[in-house]
Amino acid sequence: MKTDSLSLKNLFVFEKRWVVPLYQRPYVWREEEQWAPLWDDVRTIAERRVAGQPARAHFLGAVVLEQLPTPASRIDARLVIDGQQRLTTLQLAIAALRDLCRTEGDDESVKWLLKLSENDEVQDPESEERFKVWPTNVDRPAYRIVADPRSADAPAQKLRAARAAGPSRIADAYGYFHDRFREWSDAEGDPLLRRRALRDTLRDSLYLVVIDLEKDDEAQIIFETLNARGTPLLPMDLVKNHLFHAAAGAGADLDRLYEKHWRELDERSDYWRADVRQGRLNRPRIDVFLQHYLTMRSGDEVPATHLFTVFKEQAETDTRSAEEQLRELIRHARVFAAFSSAPERSRKQLFFKRLTVLDTTTVYPFLLDLYAREEERGAALDAILGDLESYLVRRLVCQLTTKRYNQLFLALMNAVREGSEPPARTARAFLLAETSETSRWPDDDEFRKAWFSVPIYQAITRPRLRMLLEALEAATQSDLSEDIELRGNLSVEHLMPQSWETGGWPLPPRVGAFEATNRRESLLHTFGNLTLLKQKLNTIQSNRPWAEKRTLIRQHGVLALNRQLQDVEHWDEEAIEMRSLSLFEKATRIWPRPEPVV
């Protein structure tokens, strides 16, 4: 076999065809598992291009091809033994960007993208040979519509026609990439420059390992070998090999290095290699740590798909020995592991438990750096955790964006590193000084307005809402309260049911029905009307009148959050607003925003 590493330009620019055999499965890739990660990679590289930074080569994996016998009068063709999903997706992305550029009048980009998507020597407009990649039969009607390089139809028109052509995910993939490319290119700056950054990324920065089988190669055996079940190497495995190889070259005692530094990672492999949820995907915890560590070291966001590449770039410019680099890596790994093993009910444990629910992972590089340098200053670090939690929760309730968090927390890390004041004071001053929509720390007035008006039940995920209500429950308990452990079977309940019209919940008298209904609906999903109950009790209550619900809660509920409900005779709009106020006062104590540092 012949193996080559080729950019899409070098792969697709020549007059060739890649044909998916009929016996292979149809196109099955999806947004969450494949399209979105690919888009994240493309976007990251394109952003570097726009910023004038070097664009790293990004490898998308391997494709295996087998030569098809073709007459001299026909286009040279390969049978796709493995990699048809990848090749099809890349052609759909190229087609989506090509059609966007055509819509915007960017003829230069259209010309280049046509070279990557069309065999222009084929004159017959109906010939399948015009297409660089030709999918399996069930996908061909939709693919012919959206990937057609000679069609002048608008993308929306193509999508409608492709979806009407039959069941296939082809149209959805084309629409997904077209929308992402359009949104990103129009987001800020010069749209033409940004579209061309996308073009150059697709053309020059994406690479495939192309394996061309020769006459005597067994295609099926190679296919089965490539797709055999096994445990793939993680980026951290490659890091380990790199460091130990470099240490061996320097004459280090590898057994001593392993015992002193790396052994603990292998002994806790169940912990380090366990999959943890991060954003849309589950990833091994050790890779998550490595991404945060490399981001902390570089001061720049590191994509999950470039971990070993970035590590090698950092190692090549690092003047320290391999043992010193290894020592620093493991020290930070211990700090990271300590985040999930903090003492029970400590400020640290509570913060990281809530941070997991908030799924705000971009703060981890800052915390890694902070705890590695300030291990002995517990109280001061707890103060920083309190400020960070208040900042994140208030912005969550106020429905403010999280898009700039990666830049914000890296800037915070640098400010604390370089500050002459204690870290807690520097961090607080930094967060209080932020005033823009993307980074400000909401004050009590803004927090209050959102607390009373945002339909929080609909606005945030159920785990996040449950976390907020559990924090309010803890704040409601007194020193005399029983020690209750809240478990995951508690659900969020509406005290006034969502289907209040079904009976037992009349609108207030002497108020117009339209006005009364609007007021009720505006309060229905706010904090004052929400509580925590065991799922089974929640189901039993359903839409019962208030007198029956209150009795059931009194008989079976034990939470302090519900204790004061026993004194409320009528659950109406006034009661919801009074309870919202009571809970807000607790919230400002749990998540205070201090006065600016003078």
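The values are calculated or read from the model by the stated rules, or taken from the named source; none is laboratory data. Keep in mind that what you see is a predicted model, and the values were worked out from it rather than measured. Cβ coordinates were reconstructed from backbone atoms using ideal geometry, including for glycine residues, and neighbour counts include every protein chain displayed.
Mind counting the residues in segment 435-474 that are of a type outside the set (F, W, Y), under 14 Å from C398 (Cβ atoms), outside any loop (DSSP other than H, G, I, E, B) and in contact (Cβ under 8 Å) with a residue 60 or more places away in the chain?
The total comes to 7.
Could you tell me which of the residues K536, K586 is loosely packed, with under 12 Cβ neighbours inside 10 Å and within 34 Å of the chain's Cα centre (by Cα)?
Answer to the check: K536.
Against the definition (of a type in the set (D, E, K, R) and without any contact (Cβ under 8 Å) to a residue 60 or more places away in the chain), how does E573 come out, yes or no?
On the way: of a type in the set (D, E, K, R): yes; without any contact (Cβ under 8 Å) to a residue 60 or more places away in the chain: no.
Against the criterion (of a type in the set (D, E, K, R) and without any contact (Cβ under 8 Å) to a residue 60 or more places away in the chain), E573 does not qualify.
Which one is surrounded by the fewest Cβ atoms within 10 Å (Cβ to Cβ) among residues in segment 360-415 that are assigned to a loop (DSSP other than H, G, I, E, B) and charged (D, E, K, R)?
Residue satisfying both the conditions and the ranking: E376.
In the set A304, A338, A342, which member is within 25 Å of V393 (Cβ to Cβ), at pLDDT below 90 and of a type in the set (A, V, I, L, M)?
A342
Per-residue answers, yes or no, for (1) assigned by TED's automatic domain parsing to the domain that holds N489; (2) over 34 Å from the mean Cα position of the chain (by Cα); (3) surrounded by 15 or more Cβ atoms within 10 Å (Cβ to Cβ):
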{"residue": "L532", "(1), (2), (3)": "yes, no, yes"}
{"residue": "I553", "(1), (2), (3)": "yes, yes, yes"}
{"residue": "V558", "(1), (2), (3)": "yes, yes, no"}
{"residue": "L565", "(1), (2), (3)": "yes, yes, yes"}
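Might you let me know whether segment 121-129 holds any residue that is assigned to a helix (DSSP H, G or I), assigned by TED's automatic domain parsing to the domain that holds N10, farther than 28 Å from R49 by Cβ and of a type in the set (G, A, S)? Can you show your working first?
The first filter runs over segment 121-129 and keeps only residues assigned to a helix (DSSP H, G or I), leaving 128-129.
Now restrict to residues that are assigned by TED's automatic domain parsing to the domain that holds N10: 128-129.
So of that shortlist, the ones also farther than 28 Å from R49 by Cβ come out as 128-129.
Of the ones still in play, those that are also of a type in the set (G, A, S) are none.
No, segment 121-129 contains no residue that is assigned to a helix (DSSP H, G or I), assigned by TED's automatic domain parsing to the domain that holds N10, farther than 28 Å from R49 by Cβ and of a type in the set (G, A, S).
Go through segment 416-434 and give me each residue that's assigned to a helix (DSSP H, G or I), surrounded by 15 or more Cβ atoms within 10 Å (Cβ to Cβ) and charged (D, E, K, R).
R425, R428
Of a type in the set (G, A, S), surrounded by fewer than 18 Cβ atoms within 10 Å (Cβ to Cβ) and at positive phi, is that true of G52?
On the way: of a type in the set (G, A, S): yes; surrounded by fewer than 18 Cβ atoms within 10 Å (Cβ to Cβ): yes; at positive phi: yes.
Yes: the conditions hold for G52.
Got a number for residues in segment 188-211 being of a type in the set (S, T, Y) and either part of a helix (DSSP H, G or I) or surrounded by 21 or more Cβ atoms within 10 Å (Cβ to Cβ) (or both)? Steps first, answer last, please.
At the first step, the residues of segment 188-211 found to be of a type in the set (S, T, Y) are 201, 205, 207.
Among the residues that remain, those that are also either part of a helix (DSSP H, G or I) or surrounded by 21 or more Cβ atoms within 10 Å (Cβ to Cβ) (or both) are: 201, 205.
Total satisfying the criteria: 2.
Please enumerate the residues belonging to segment 495-517 that are part of a helix (DSSP H, G or I), surrounded by 12 or more Cβ atoms within 10 Å (Cβ to Cβ) and of a type in the set (V, I, T).
Within segment 495-517, T517 is the sole residue that qualifies.
Does any residue of segment 148-168 turn out to be free of Cβ contacts under 8 Å to residues at least 24 places away in the same chain and polar (S, T, N, Q)?
yes
Which number in (1) buried (at least 19 other Cβ atoms within 10 Å of the Cβ); (2) more than 17 Å from A475 (Cα to Cα) marks the one condition that R579 misses?
Of the numbered conditions (1) buried (at least 19 other Cβ atoms within 10 Å of the Cβ); (2) more than 17 Å from A475 (Cα to Cα), the odd one out for R579 is (2).
Looking for whichever is crowded, with 18+ Cβ neighbours inside 10 Å, among the small types (G, A, S) and at pLDDT 85 or above here; the options are A46, A36. Which one fits? Spell out the reasoning first.
Working: A36 fails: crowded, with 18+ Cβ neighbours inside 10 Å.
Among A46, A36, only A46 is crowded, with 18+ Cβ neighbours inside 10 Å, among the small types (G, A, S) and at pLDDT 85 or above.
From the list Q399, Q407, pick out the single residue that is polar (S, T, N, Q) and at pLDDT 95 or above.
Answer to the check: Q399.
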